[in-house]
1. Positive end of the dipole of the chain, charges at C-beta (+1 Lys, Arg; -1 Asp, Glu), about the Cα centre: which of M258, T332, G214 has its Cα farthest in that direction?
2. Tell me the per residue accessible area of segment 227-269 using a 1.4 Å probe; a whole number in Å² is fine.
3. Per-residue ellipticity at 222 nm for the chain, helices alone: DSSP H runs ≥ 4 residues times -39500 (n - 2.57), over residue total, nearest 500 deg cm²/dmol?
4. Can you find, among I269, T111, L60, the residue farthest towards the positive end of the dipole of the chain? Put +1 on the C-beta of Lys and Arg, -1 on that of Asp and Glu.
5. In debye to the nearest 20, how big a dipole does the chain give about its Cα centre with +1 on each Lys and Arg Cβ and -1 on each Asp and Glu Cβ?
6. Cross-link candidates for K186: which lysines have Cα within less than 16 Å, leaving aside residues fewer than 8 places away along the same chain?
7. At a Cα cut-off below 16 Å, give the aspartates and glutamates reachable from K273, other chains included and same-chain residues fewer than 8 away excluded.
8. Once a ≥ b ≥ c are taken as the square roots of the eigenvalues of the Cα gyration tensor of segment 95-245, is the result rounded (a/c under 1.5), prolate (a/b larger than b/c) or oblate (a/b not larger than b/c)?
Amino acid sequence: MASAAKFKQEMPPPGGYADINFKRNPARTVLKGWPRIFGFFGGIMAVSWPLYFLTRNKMLREEIEQRSMRLAIEPLLLAERDRMYLNQIRKNRDVEEELMKDYPGGWEVGTWKGEPVYKTVPEDSWRDINIEEYYVHADPYWHYDRNEARQLNHAEVIEEDKRSKLPANFEARKRAAEWILDEEKKKEEAKARGDDYDRVKLLDQGADELERLGKVKRKKNPDQGFSSFEAATERQYGNLVRNIKMNPEEYEREKQTMGDAFYPGLSTIIHGKRTDSKEGVERLVMDVEKQIAKRSKLNRRRRHDPDADIDYINERNMRLNKKLERFYGKYTEETKKNLERGTAI
């Protein structure tokens, strides 16, 4: 019978295991007690005092501007108030004269049966009348006119605020859209009459105006040819945007439906608030089909070179590689040679 293997019991090291360090090591504090408090408030004051003076100067400038505005408009308001006051007094005198024209013995306006109301006041001095006499012949519905004017003023303020939030070129774009719609309407009318709209339009324009418009058109969007993919993409995007026709009725209807989300900001959620119409989707499909048809007519098949390196997967990729080589090949020529020689790092 084989003897049992020797077994050695593992024991702790002499003197036992070291103590487990479970104490928290707090961070070293730079300032304690009152220095920390003074430093905190000192930092706040160092930041707040410059801001206070900047804000104070701004508020003073605004207050001076408001005071200057009030001082400038106060003479006009006082003059308008005095004018309304004198007009109402004159109206009261006219009404009194018309009302008392059949009084026996005659009636002198501004007196009580021919006797002056104020005997100790000189005739050439002015004396304000009391409030009851002022409003005795006033229009009972004058306050309705005042409320209506206030409502109209408030509505105009709201409209002005809306206009201030619109893009800077909104009015110009709106006029351009209206002009395009007017042109489309005239084209349809000319087509219904069997006339050529371009010829009819030229009858109302002079040679000098046509020459000027032609120069502006050539200068506005000259064809520079292919320079880079970014420029080509930007040019294509501009052409596509110019072909989009704006519908003001649909624009206003969508604007009323979406509300504030029509001009979204950073925190505006517009997901689910707008759905594409069926007509819009059809227009998009037709536009894409037109682009495909136009592209198929413009592209011509290039001559195939059997000795050239095959670095493409289809014809479209081949044309892309040729364009890249034509415009960026001079920058990568040295790298290609190093790769072919095997000396590239």
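1. After comparing all options, I get T332.
2. Working: 3570 Å² over 43 residues.
I get 83 Å² per residue for this part.
3. Details: 10 runs with 211 residues, N = 345.
Computed mean residue ellipticity for the chain: -21000 deg cm²/dmol.
4. Of I269, T111, L60, it is I269.
5. On the way: 68 positive and 63 negative charges, 734 e Å.
Charge dipole, the chain, about its Cα centre: 3520 debye, nearest 20.
6. Straight-distance partners of K186: K201, K245.
7. The reachable aspartates and glutamates, counting only those whose Cα sits under 16 Å from K273, are E250, E252, E254, D260.
8. Values: a/c = 4.39, a/b = 3.08, b/c = 1.43.
Here segment 95-245 falls in the prolate category.
The values are calculated or read from the model by the stated rules, or taken from the named source; none is laboratory data. Here the structure is a predicted model, which is why all the values come from computation and not from measurement. All Cβ positions, glycine included, derive from the backbone under ideal geometry; neighbour counts span all protein chains shown. Ligands, DNA and RNA are stripped out before the accessible areas are found, and what is left, the full protein with its side chains, is counted by its heavy atoms. Shrake-Rupley method; radii C 1.70, N 1.55, O 1.52, S 1.80 Å.
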